[in-house]
1. Give the carbon-plus-sulfur fraction of the accessible surface of the chain in %, rounded to a whole number; probe 1.4 Å, heavy atoms of protein chains only.
2. Residues in region 354-376 near a label at Glu549, defined as backbone nitrogen under 16 Å from the 7 Å Cα→Cβ point?
3. Non-local amide H neighbours of Met208 (under 5 Å, H modeled in plane, Pro and chain starts lacking H): which ones?
4. With a probe of 1.4 Å, find how much accessible area region 198-297 has per residue, and write the answer as a whole number in Å².
5. Step through the residues of region 38-48 one at a time and calculate ³J(HN,Hα) from phi using the Karplus curve (6.51 cos²θ - 1.76 cosθ + 1.60, θ = phi - 60°), rounding each to whole Hz and writing x for Gly and Pro.
6. Can you classify region 424-567 as rounded, prolate or oblate using the Cα gyration tensor, where a ≥ b ≥ c are the square roots of its eigenvalues, rounded means a/c under 1.5, and otherwise it's prolate if a/b beats b/c and oblate if not?
7. Show me, for region 106-115, the HN-Hα J-couplings you get by feeding each phi into the Karplus relation (A = 6.51, B = -1.76, C = 1.60, θ = phi - 60°), rounded to Hz, glycine and proline as x.
8. Can you tell me, using C-alpha contacts under 8 Å and at least 6 residues apart, the relative contact order of the chain as a whole percent?
Amino acid sequence: MKILLIASSFNGLTQRLHRELVMMGHTVSVELALNPRLMLEAVELFEPDVIICPFLKERIPDEIWKKHVCLVVHPGIEGDRGPSSLDWAVSGGMAGWGVTLLQAAREMDAGHIWGTKDFPLRAASKASLYRREVTMQAVQLVRQALENIKNPKFKPRPLDYARAGVKGTLRPAMQQADRKIDWQRDTTDTVLRKINAADSAPGVLDEMFDEPVYYYGARREPQRRGKPGALIARCGGAICKATADGAVWIRMAKRKYGPDKACIKLPAAEVLDALAREKNRPVRLPAVKAEACEEIRSHERNGVGYLYFDFYNGAMNTEQCRRLRQELQNLKKRPVKVITLMGGEDFWGNGIHLNSIEAAPDPAAESWRNIQAMDDLVEEIILSPKHVTVAALRNNAGAGGAIMPLACDRVVARDGVVLNPHYATMGLYGSEYWTYLLPRRVGEVRARQIIRECMPMLAREALLLDLADELFDEDWERYHESVVGYAESLARPDVYRKCIAWKQEQRKADEKRKPLAQYREEELEQMHANFFGAKSEYHRARHDFVHKERAARTPLRLALHRKDYSAQQAVETGPEKLLPLGGVIGG
Ligand code: COA
């Protein structure tokens, strides 16, 4: 089938569906919902059999949904309508929630229902639920819908509030007034729910030194207490604030007003310090070690060390890379044979920290420091002659964060994970030893193709390409059981000995062929030009990324329909620089 994806952005769910559909053998093109004219043009150019909208904030023009079957993923239970579905569910402390696949109609979210799936509502942020539960159910609903579309007897059911089991309602867009925290009255549970419901966007608006600031990334503090509303401690980048009956850690904050580079999501303690300096009001908060906001932790079991690194949004700044490397070094000194890198709760890793870089006084110099720290970390993984290393990809990874796992001896992944092992969309050549690690697994030609095409790839595709060695169940619990079983099997003396002998021999041979240091030097030469060069596109690309600037048009690598169109225009109006097209497999 020809399937057009119309989406507000090429977000994780859209990427996942794109690859799922391509792997099912469909021809898939993407149009970003930038304006009605472009959406109409896309439909005319592509003439799709069906349109799927995985993530849509805009209205679909009437001319489109009247002529074409247009299926919209709505992150709510049957009958739920409105733009803040998950926000209301999380803030209301619902026990369960759902995803519904609706046919687009005149009224938003009121079209016929193609399917709905419920799930228990984890105590987590809205974005975390979206990336895990909503995504998983949405993929199944779309698969089912594509079966149903072929069945002439299938009829989607109209939305009927009188039907038993239809519990959803029309709810308004949630406003900051609905999200507001009353620090004198709100308990820790309530505060956590409010911040979670607004995370990753728009955040809960609060105040620091009388300045409006948004909060994100909340965690429960189990012991500390204080005067409700008072800041009581800091730990790394997080700050601890007392509630009516306890306290919460706030990991990230964003100023509403201020210099451009300060109005982005940054560690909350950094925002606090910057405001304290600006207002000349020094803050004296005890710096403590609190388990609740530790980003890096490890544990050992049956000869396996597990290393977790839960960095907000998977981005790793210079300090975080250094701390993670230190923890890895510590783990290597422990009596473990296998080291498993587990990543975070929501992302495995997304490479250097573009927000920290943007906020730095000298972004080019900070980029340079960050990539060096990242390279040191990757090198530390590669140079682990006495340990079998496993990258366990339970969540999505991008850029350097998708190359870093390849430094491990084994790569296993949770089904459904989306990888973006490329850098060019950020105007970067890339480092993290990708010129060594990627061809080592897929060969030189394929490596260049992956890097050049900038397409997402499913874990299942990574397995087919030998970028991953094993694929485990998407179900979170079953996945973890499989990872433990796998890692423990590598710690068995016979298996361990064999792996280590092979690995040491391989490393020696590789080093002889081309020293590791040379890969790094060559990559960093290119990165230096990206960071400090006059013609570099990186600083603009990073600025637009962290400030969430909307794309002016759909990138041609995603819009199959526009590729032909632009080629035709190029003939008529002169050459146009076309991006290479397609996916890694079948695209
Ligand atoms: N630095 C800072 N923030 C980052 C980041 C990075 N390297 N990578 C992702 N993020 C943030 C996004 O800004 C977004 O923030 P928000 O939701 O809090 O507003 C969040 O992480 C999720 O990212 P999003 O783009 O929505 O996720 P996705 O699953 O749709 O896409 C990627 C994933 C990896 C394709 C995309 O995030 C990306 O291109 N990241 C940049 C990677 C990069 O170029 N790194 C530097 C080179 S090493």
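1. Carbon and sulfur: 51 percent of the exposed surface of the chain.
2. 355, 358-359
3. Residues meeting the criterion, in which the H sits 1.01 Å from N, are Val213.
4. 46
5. Calculated HN-Hα couplings, in order: 5, 5, 4, 4, 4, 5, 5, 5, 8, 6, x Hz.
6. The shape class here is oblate.
7. 4, 8, 4, 6, 10, x, 5, 9, 8, x
8. The value is 10 percent.
The values are calculated or read from the model by the stated rules, or taken from the named source; none is laboratory data. This one's a predicted model, so the numbers in the text were calculated from it and none came from an experiment. In this analysis, Cβ positions are derived from the backbone assuming ideal geometry, glycine residues included, and neighbour counts consider all displayed protein chains. Note: areas computed on protein heavy atoms with side chains; ligands, DNA, RNA excluded. Shrake-Rupley method; radii C 1.70, N 1.55, O 1.52, S 1.80 Å.
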